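Participant: Once you've had a glance at the structure underneath, I'll fire off some questions.
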Ligand SMILES: Cc1cc2nc3c(=O)[nH]c(=O)nc-3n(C[C@H](O)[C@H](O)[C@H](O)COP(=O)(O)O)c2cc1C
């Protein structure tokens with residue numbers, strides 16, 4: 001079974017990916033959070049640093065582009081190609097207000113004519129350059145029924161993989177994924193499919209397999225992988241328990257690596273706090289220490305709370 005790590009902007013940074021990959025190693029492919037190209041600027045310095053090959057050694061990484069302009073996509077794809085990447089992912093799922101206001105991400109799904117023209121241009125480029133373009137999509141913008149036309153559109157291009165997060169834009173990341181629409185994709189999509197959404201445990205995966213009547217492979221995990229970093233090991237059957245020794249190593253590595261690149265100290269604590277909003281569910285009965293940790297303004301307070309949480 002293949003497991004892909006979903007891109008989570010601000011969370012699955014190159015620092016996270018490197019630490020995670022060294023300590024756990026059960027992820028087959030990592031997707032980087034999007035780069036957002038602009039006129040004459042395929043990516044920012046910060047975006048480039050995140051996907052620079054020297055910061056992603058030993059990692060099977062697919063960079064992602066967020067745009068509704070084919071010329072901008074191609075400029076960014078050329079830059080990525082020259083960095084050594086041969087697969088690029090197109091973001092057609094981002095639900096954020098600022099992104100959608102510019103017609104990008106999930107908002108692009110409602111402009112089906114423009115989307116076809118865009119896909120025509122980028123796949124002509126990728127075919128000529130021998131590059132792969134995969135797509136990460138939602139079901140639609142306001143109505144999941146939009147998905148039927150979208151599948152037909154995707155079927156007319158050489159999509160290397162179609163990663164489906166079975167929600168519409170207005171669902172954001174809430175509620176149950178609309179499973180029946182992924183079933184539609186299983187039946188009608190011509191390209192390889194990847195399921196993404198709400199896999200937090202091995203039981204969640206087994207439930208999906210039961211409801212689709214077939215194994216899902218590959219799958220992409222986002223919040224579930226962050227919340228329980230042992231999830232890929234569990235899904236692959238390597239373990240049934242969360243490995244807290246590995247968790248401690250992951251935590252300590254991230255804490256030390258972020259101290260090297262972020263300042264002042266409070267910014268490191270903010271970064272760790274964001275991770276703890278995912279991790280806290282692993283630590284039942286430690287609510288008081290988690291609260292202290294989330295409020296910590298000094299390293300000493302933070303470290304003390306972490307030691308108490310991870311004591312036994
Ligand atoms: C904080 C956050 C940041 C995200 N950033 C990206 C992104 O840069 N690109 C993208 O395609 N999806 C992004 N996503 C969506 C995830 O990749 C994934 O599709 C979503 O969380 C659903 O999968 P899950 O239920 O396994 O988490 C983001 C989600 C969250 C919560």
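Each value in this text was obtained by applying a stated rule to the coordinates, not by laboratory testing. Since we're looking at a predicted model, the values are computed, not measured. Glycine gets a Cβ as well: all are built from the backbone with ideal geometry, and neighbour counts include every protein chain shown.
Participant: Expressed as cubic angstrom per residue, what is the convex hull volume of the alpha carbon set of the range 262-309?
Facilitator: Convex hull volume per residue, Cα atoms: 58 Å³.
Participant: Right, here's the next one. Most exposed first by the Cβ proxy, i.e. fewest other Cβ within 10 Å, how do 59, 226 rank?
Facilitator: Ascending Cβ contact count within 10 Å gives the list 59, 226.
Participant: Moving on. Given the -39500 (n - 2.57) contribution per DSSP H run of 4+ residues, what per-residue ellipticity at 222 nm results for the chain, rounded to the nearest 500 deg cm²/dmol?
Facilitator: -14000 deg cm²/dmol
Participant: Indicate, rounded to the nearest 5 percent, the antiparallel portion of the DSSP beta bridges found entirely in the chain.
Facilitator: Taking every DSSP beta bridge with both residues in the chain, the antiparallel ones total about 5 percent.
Participant: How much length is gained on full extension from residue 212 to residue 291, taking 0.36 nm per residue of separation minus their Cα-Cα distance?
Facilitator: 24.4 nm
Participant: For the modelled label position 7 Å from the Cα of residue 249 along Cα-to-Cβ, which residues of the range 19-36 have backbone nitrogen atoms closer than 16 Å?
Facilitator: Those under the cut-off are 19-27.
Participant: Given the convex hull over the Cα atoms of the chain, what projected area results after averaging over all orientations, in nm²?
Facilitator: 16.0
Participant: How many angstrom lie between the Cα centre of the range 219-293 and the Cα centre of the range 1-46?
Facilitator: 16
Participant: Something else about it: By counting other Cβ atoms within 10 Å of each Cβ, how are 220, 1 ranked from fewest to most?
Facilitator: Fewest-to-most Cβ neighbours within 10 Å comes out as 1, 220.
Participant: Got a sec? How would 118, 172, 244 order by Cβ neighbour count within 10 Å, fewest to most?
Facilitator: Ordered by Cβ neighbours within 10 Å, fewest first: 172, 244, 118.
Participant: Helix 146-155 versus the longest principal axis of the chain: what angle, 0 to 90°, nearest 10, using Cα atoms?
Facilitator: 70
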